[in-house]
Amino acid sequence: MDIKHIPLINREISWLYFNERVLQEAADPTVPLIERVRFLAIFSSNLDEFYRVRVATLSRLANLNEKAKEILGYNPKKVLNQIKTLVVKQEKKFNNLYENIIVKQLAEEKIFILNDKQLNVTRGEFVKSYFREKLLAMLVPIMLDESLQLPELRDRAIYFFVKLTRNKKTRLALIEVPDNLPRFVVLPETNNLKFIILLDDIVRYSLEDIFFIFEHDSIEAYSIQLTRDAELDLDKEVSEKFIDSLSKSLQKRRKGKPMRLLYDTEMPLDMLKYLVSKMGLHGESLIPGNRYHKFKDFIAFPNVGRPELEYVKYQPLPVDGLSFGKSLMGMIAKRDYLISTPYQSYDYVIHLLREAAIDPKVQEISIAVYRLAENSRIVHALINAAKNGKKVNCLVELRARFDEQNNITWSRRLEEEGVNVLYGVENYKVHSKICLVKRLEKEKPAYYACLSTGNFNEKTAKLYADHTIFTADKRLTGDLVKVFRALGKNTLAKDIEHLIVSPIDSRPAIYKLIDNEIKNAKAGKKAYMILKMNSLADEQLISKLYQANNAGVKVQLIIRGMCCLVPGIKGFSENIDAISIVDKYLEHSRVHIYCNGGNELIYLTSADFMTRNIDNRVEVGFPIYDEQLRKEIRDIINIQLSDNTKAREINSHNTNKYHKTNSEVLCRAQIDIYNYLKNKK
């Protein structure tokens with residue numbers, strides 16, 4: 001099939017439709033009110049990253065004109081215009097949702113978000129006192145001069161653009177709102193009424209105190225937020241030089257090309273024109289917004305009301321057969337175990353590493369980490385293992401986007417504590433989530449493995465839905481020994497038999513699995529695939545799925561984020577259904593199920609169907625051999641396919657219509673999975 005002529009949704013546009021699904025959660029009246037505020041924050045944070053990375057890349061490509069069209073197969077300028085149209089529409093929905101619905105419903109709950117114009121004398125005195133004690137010393141306005149350049153604005157910082165007027169003469173200034181203080185200040189309660197004010201409005205309320213030396217008749221302040229190009233210009237050498245280069249690039253990131261100026265729509269046109277002129281911005285970079293920017297901070301919006309305004313916090317469930325009071329390796333030696341977070345406790349992973357750190361028979365621990373928690377218990381366990389004389393090999397991926405600085409800090413700490421820190425393979429990100437423990441048993445090495453679809457990060461494990469297996473199966477541990485041996489030499493693993501390892505094995509292995517389904521379908525046998533992942537964007541794999549469709553293979557997709565494949569197109573995808581589940585937890589697991597003539601094959605993997613995962617990263621997919629675990633994964637996937645509450649259809653119309661099933665019983669996958677695991681015997 002000629003991939004130039006297959007139906008595709010542009011990946012950037014598809015991603016915006018995913019973010020629309022996040023906005024749907026914020027609009028859903030069945031979602032607890034504080035959680036709706038947090039979904040607005042997630043939507044905003046997602047959009048910031050989208051502009052910093054994807055729009056920045058498109059903007060660079062747009063400068064190549066005709067050559068870009070030839071390389072990409074589409075006009076980047078046209079896509080940038082489509083993005084602007086969609087984003088402006090979404091921002092309007094966002095602003096209406098926040099201002100006209102969420103704020104009013106908070107008021108019904110006796111929670112009031114006050115602005116600077118709504119303070120009575122008592123609360124005004126409290127705010128002034130807070131301002132003088134906490135804020136005043138941090139605020140130094142930058143007075144602007146028409147003859148001078150505009151100072152460099154920090155990426156994603158909130159600024160007030162201020163105009164002072166005296167006898168028709170004006171002065172302009174910028175004030176940066178500090179980001180090292182809480183964004184929300186809870187004011188004294190009155191008659192069971194709760195009051196919250198944003199730091200922004202405390203600054204607005206105190207403008208007279210800031211500009212007291214300038215005589216003025218009026219003072220106006222409007223918030224702006226600049227989003228910059230966040231891509232890095234890196235030295236590719238994997239060495240100390242690379243770390244230094246990365247550190248310098250992170251400093252440069254703050255001064256990347258301006259990509260988006262979010263501005264308060266109340267700002268007068270002359271002030272907006274001044275900014276556009278001084279920053280050299282283009283029309284597609286201007287996004288009208290509301291009074292408050294950097295909405296991602298609303299993820300920490302305080303619940304000063306009823307507990308019911310937030311989701312019920314479920315206690316993580318135990319994994320049947322695993323006990324914290326006994327040796328995990330002793331139990332893993334007998335059978336494989338599956339941990340499905342956040343439904344089940346992530347502490348088992350920490351406990352395995354702690355056990356390995358103190359077990360006298362453990363000789364070596366090897367692990368690949370991508371995103372680590374701020375105060376990582378994973379790292380502490382590895383450091384303690386090194387202190388106990390174990391050989392510890394830790395591959396830290398320094399290029400984990402937006403976690404680079406955190407990973408540099410951890411890598412240096414690990415080195416100081418005697419851990420053998422590796423920095424991956426030149427030109428390839430190591431995105432696999434793998435750990436291998438070598439233990440001496442009966443004078444021979446025995447291996448215990450932990451393989452996952454999610455990061456070794458105990459903080460995100462409470463929010464991300466992932467699968468992790470513990471295994472001592474020699475087929476898997478034998479391959480994993482080869483993977484770590486290769487990574488230790490900064491090379492790619494070869495001769496792997498059971499694992500599917502990018503970049504060498506993934507594409508041919510996946511093609512072979514799909515071709516097997518095509519062959520069975522053509523022979524009149526039952527043939528199907530169920531593929532769950534975060535993103536589906538690789539055009540060659542999409543073309544392969546279209547081929548499977550045309551051979552009569554039934555394909556069911558569960559795609560959380562971008563999906564460039566278009567389901568339901570005659571001659572390409574009439575046998576392909578796709579849904580996206582957006583709910584309380586972030587669906588992060590990648591699961592592949594192939595009919596295989598009735599003898600199902602089930603794989604878990606760290607890789608999405610994106611070109612970068614298949615061709616440019618070290619990813620590890622692993623088969624599930626244990627029958628009990630295979631049934632558990634299949635049951636969980638069946639529950640997700642039955643979701644008729646939080647699943648949306650992905651189709652050519654991009655309407656994000658809620659997925660309806662034939663069942664009259666409501667199925668909300670994330671609740672039902674928890675109950676399934678809780679009641680499982």
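The values are calculated or read from the model by the stated rules, or taken from the named source; none is laboratory data. Nothing here was measured: the structure is a model prediction, and the numbers come from that model. No Cβ is skipped: glycine too gets one built from the backbone with ideal geometry, and neighbour counts run over all protein chains shown.
Data for the structure
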{"quantity": "Counted residues, the range 3-30 - those being in a loop (DSSP other than H, G, I, E, B) and in contact (Cβ under 8 Å) with a residue 40 or more places away in the chain", "calculated": "4"}
{"quantity": "Cross-chain or 6+ apart pairs with Cβ under 7 Å, the range 310-323 first and in contact (Cβ under 8 Å) with a residue 60 or more places away in the chain, then among the β-branched types (Val, Ile, Thr) and surrounded by 15 or more Cβ atoms within 10 Å (Cβ to Cβ)", "calculated": "GLU310/ILE34"}
{"quantity": "Filter result for ASP201 (at pLDDT 90 or above, assigned by TED's automatic domain parsing to the domain that holds ASP179 and acidic (Asp, Glu))", "calculated": "yes"}
{"quantity": "Selected residue (criterion: nearest to the chain's Cα centre (by Cα)) from residues of the range 493-536 that are closer than 27 Å to ILE639 by Cα and polar (S, T, N, Q)", "calculated": "ASN534"}
{"quantity": "Selection status of LYS429, over 23 Å from ARG335 (Cα atoms) and of a type in the set (D, E, K, R)", "calculated": "yes"}
{"quantity": "Total residues in the range 326-346, condition surrounded by 17 or more Cβ atoms within 10 Å (Cβ to Cβ) and either of a type in the set (Gly, Ala, Ser) or closer than 26 Å to GLU587 by Cβ (or both)", "calculated": "11"}
{"quantity": "Given (1) modelled with pLDDT under 95; (2) outside any loop (DSSP other than H, G, I, E, B); (3) among the aromatic types (Phe, Trp, Tyr), number of the condition TYR348 does not satisfy", "calculated": "(1)"}
{"quantity": "Residue in the range 274-293 that is in contact with a Pro (Cβ under 7 Å, 6 or more places away or on another chain), polar (S, T, N, Q) and at pLDDT 80 or above present", "calculated": "yes"}
{"quantity": "Test set (1) under 21 Å from LEU604 (Cβ atoms); (2) out of contact with any His (no Cβ under 6 Å at 6 or more places or on another chain) - GLN547 fails condition number", "calculated": "(1)"}
{"quantity": "Residue identified as at pLDDT below 95, more than 23 Å from LEU23 (Cβ to Cβ) and in the same structural domain as MET562 (by TED's automatic domain parsing) among SER642, SER652, SER663", "calculated": "SER663"}
{"quantity": "Residues of the range 525-547 that turn out to be farther than 30 Å from PHE50 by Cα and out of contact with any strand residue (DSSP E or B) (no Cβ under 6 Å at 6 or more places or on another chain), as a count", "calculated": "4"}
{"quantity": "Residue that is nearest to ALA157 (Cα to Cα) [pool: residues in the range 208-262 that are among the β-branched types (Val, Ile, Thr) and at pLDDT 90 or above]", "calculated": "ILE224"}
{"quantity": "Tabulated pairs, the range 259-285, first touching a residue at least 24 places away in the same chain (Cβ under 8 Å) and in the same structural domain as GLU220 (by TED's automatic domain parsing), second in a helix (DSSP H, G or I) and β-branched (Val, Ile, Thr), C-beta under 6 angstrom, 6+ apart or interchain", "calculated": "MET259/VAL55"}
{"quantity": "Unique residue being assigned by TED's automatic domain parsing to the domain that holds ARG204, farther than 19 Å from LYS294 by Cβ and modelled with pLDDT under 90 when the list is LYS117, LYS67, LYS84, LYS104", "calculated": "LYS67"}
{"quantity": "Selected residue (criterion: farthest from the chain's Cα centre (by Cα)) from residues of the range 95-154 that are buried (at least 17 other Cβ atoms within 10 Å of the Cβ), farther than 23 Å from GLU176 by Cβ and of a type in the set (Val, Ile, Thr)", "calculated": "ILE111"}
{"quantity": "Matching residues, the range 256-277, being assigned to a strand (DSSP E or B) and among the hydrophobic types (A, V, I, L, M, F, W, C)", "calculated": "MET259, LEU261, LEU262"}
{"quantity": "Any hit, the range 568-576, residues being within 20 Å of PRO342 (Cβ to Cβ), surrounded by fewer than 23 Cβ atoms within 10 Å (Cβ to Cβ) and in contact (Cβ under 8 Å) with a residue 40 or more places away in the chain", "calculated": "no"}
{"quantity": "Condition met for THR661 (over 21 Å from VAL566 (Cα atoms), in a loop (DSSP other than H, G, I, E, B) and in contact with a Cys (Cβ under 8 Å, 6 or more places away or on another chain))", "calculated": "no"}
{"quantity": "Enumeration of residues in the range 152-197 that are among the aliphatic types (A, V, I, L, M) and either closer than 28 Å to ASN120 by Cβ or outside the structural domain of LEU106 (by TED's automatic domain parsing) (or both)", "calculated": "ILE158, VAL162, LEU164, ILE175, VAL177, LEU181, VAL185, VAL186, LEU187, LEU193, ILE196, ILE197"}
{"quantity": "From LYS680, LYS646, residue being over 30 Å from LYS512 (Cα atoms), of a type in the set (D, E, K, R) and surrounded by 18 or more Cβ atoms within 10 Å (Cβ to Cβ)", "calculated": "LYS646"}
{"quantity": "In the range 348-398, the residues that are over 21 Å from LYS489 (Cβ atoms) and under 22 Å from the mean Cα position of the chain (by Cα)", "calculated": "VAL349, ARG371, LEU372, ALA373, GLU374, ASN375, SER376, ARG377, ILE378, VAL379"}
{"quantity": "Residue match in the range 618-634 (condition: more than 28 Å from GLU20 (Cβ to Cβ), touching a Gly at 6+ places or on another chain (Cβ under 8 Å) and not assigned by TED's automatic domain parsing to the domain that holds LYS482)", "calculated": "yes"}
{"quantity": "Selection status of ALA400, at pLDDT below 85 and more than 20 Å from PHE484 (Cα to Cα)", "calculated": "no"}
{"quantity": "Helices (runs of 4 or more DSSP H) lying entirely in the range 76-155 (those with 3 or more residues that are closer than 30 Å to ARG54 by Cα)", "calculated": "76-96"}
{"quantity": "Residue match in the range 326-344 (condition: of a type in the set (Phe, Trp, Tyr), in contact with a Gly (Cβ under 7 Å, 6 or more places away or on another chain) and either over 20 Å from ILE378 (Cβ atoms) or in contact (Cβ under 8 Å) with a residue 60 or more places away in the chain (or both))", "calculated": "yes"}
{"quantity": "Number of the exception - VAL481 against (1) in contact with a strand residue (DSSP E or B) (Cβ under 7 Å, 6 or more places away or on another chain); (2) surrounded by fewer than 24 Cβ atoms within 10 Å (Cβ to Cβ); (3) within 21 Å of ARG560 (Cβ to Cβ)", "calculated": "(3)"}
{"quantity": "Pair list, Cβ under 9 Å, 6 or more apart: the range 446-473 residue outside the structural domain of ARG335 (by TED's automatic domain parsing), other residue among the basic types (Lys, Arg) and modelled with pLDDT of 95 or more", "calculated": "none"}
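Yes/no per residue for (1) crowded, with 23+ Cβ neighbours inside 10 Å; (2) outside any helix (DSSP H, G or I); (3) assigned by TED's automatic domain parsing to the domain that holds SER589; (4) of a type outside the set (A, V, I, L, M, F, W, C):
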site	(1), (2), (3), (4)
TYR511	no, no, yes, yes
GLY524	no, yes, yes, yes
ILE530	no, yes, yes, no
LYS544	no, no, yes, yes
GLN547	no, no, yes, yes
ASN550	no, no, yes, yes
